[in-house]
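What follows is a short report on a single structure.
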Amino acid sequence: EGTTELADQTGGVKLVAVANEGYEFINWTLEGEVVSTNAVIIDKTEGDKAYVANFIALAKYTLSVSVNDAIMGTVEASQTGEMFKYTEVTLIATPTEGYEFVNWTVNGEVVSTENPYTATITANTEFVANFEERELEYCTISGNSTNSQRYLPSFTLTDGVNDMVVTD
């Protein structure tokens, strides 16, 4: 199913095939013979012709989403359930506090580390958002004081790699 457009071109006729939702353009035929697989053709020959634009119905696939552990985060999809082949879907993973997003997998294989991620559906698919516990950041505070002082006149903050000295 689709529509065709006809436009006069200098020295020829331009034919355009446009597939309706759920359909895909296959080819143009003339007297039963395939003449082009391009949706746009220009015929510069003379005479009447009866071109036929051929379409097929797109397959429908099911999309679902899940997480590796519901405690670690949630997932949203712009669309789930049944949809036509080539539908673009945006997936967003949101980690809960203390966790971070790692990747998207399908059948155990990593398909992306992007978040959000836009996927084109070409088969029945379940995307799994994978999260892991975030590595805790820490700092060490050390300093010098005397018994008569009630505060640290200077101290050092470190994250294990970088030191920052703070003084009064």
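The values are calculated or read from the model by the stated rules, or taken from the named source; none is laboratory data. In this text, all values refer to a predicted model and were calculated from it rather than measured experimentally. As a convention, Cβ positions derive from the backbone with ideal geometry for all residues, glycine included, and neighbour counts pool all protein chains shown. Protein only, heavy atoms only, side chains kept; ligands, DNA and RNA dropped before computing areas. Shrake-Rupley method; radii C 1.70, N 1.55, O 1.52, S 1.80 Å.
For region 88-108, taking the residues that are more than 17 Å from the chain's Cα centre (by Cα) and of a type in the set (Gly, Ala, Ser), the one that is nearest to residue 125 (Cα to Cα) is identified as 108.
Does region 117-124 contain at least one residue that is more than 30 Å from residue 22 (Cβ to Cβ) and modelled with pLDDT of 95 or more? Spell out the reasoning first.
If we filter region 117-124 for residues that are more than 30 Å from residue 22 (Cβ to Cβ), which is where we start, we get none.
No, that holds for no residue.
Screening residue 42 against (1) within 30 Å of residue 130 (Cβ to Cβ); (2) over 22 Å from the mean Cα position of the chain (by Cα) leaves a single unmet condition, (1). Only a single item in (1) open to solvent by 70 Å² or more (accessible area, probe 1.4 Å); (2) among the aliphatic types (A, V, I, L, M); (3) touching a residue at least 24 places away in the same chain (Cβ under 8 Å) is not met by residue 70, and it is number (3). In region 93-135, the qualifying residues are those that are touching a Gly at 6+ places or on another chain (Cβ under 8 Å) and in a strand (DSSP E or B), and the one that is most open to solvent (accessible area, probe 1.4 Å) is 133. The residue that is nearest to residue 83 (Cα to Cα), counting only those in region 19-43 that are open to solvent by 80 Å² or more (accessible area, probe 1.4 Å) and in a loop (DSSP other than H, G, I, E, B), is 21. What are the residues in region 73-87 that are within 12 Å of residue 125 (Cα to Cα) and open to solvent by 50 Å² or more (accessible area, probe 1.4 Å), if any? Hits for region 73-87 are 80, 82, 85.
Flag not set for residue 90, criterion: surrounded by 13 or more Cβ atoms within 10 Å (Cβ to Cβ), of a type in the set (Val, Ile, Thr) and at pLDDT 95 or above.
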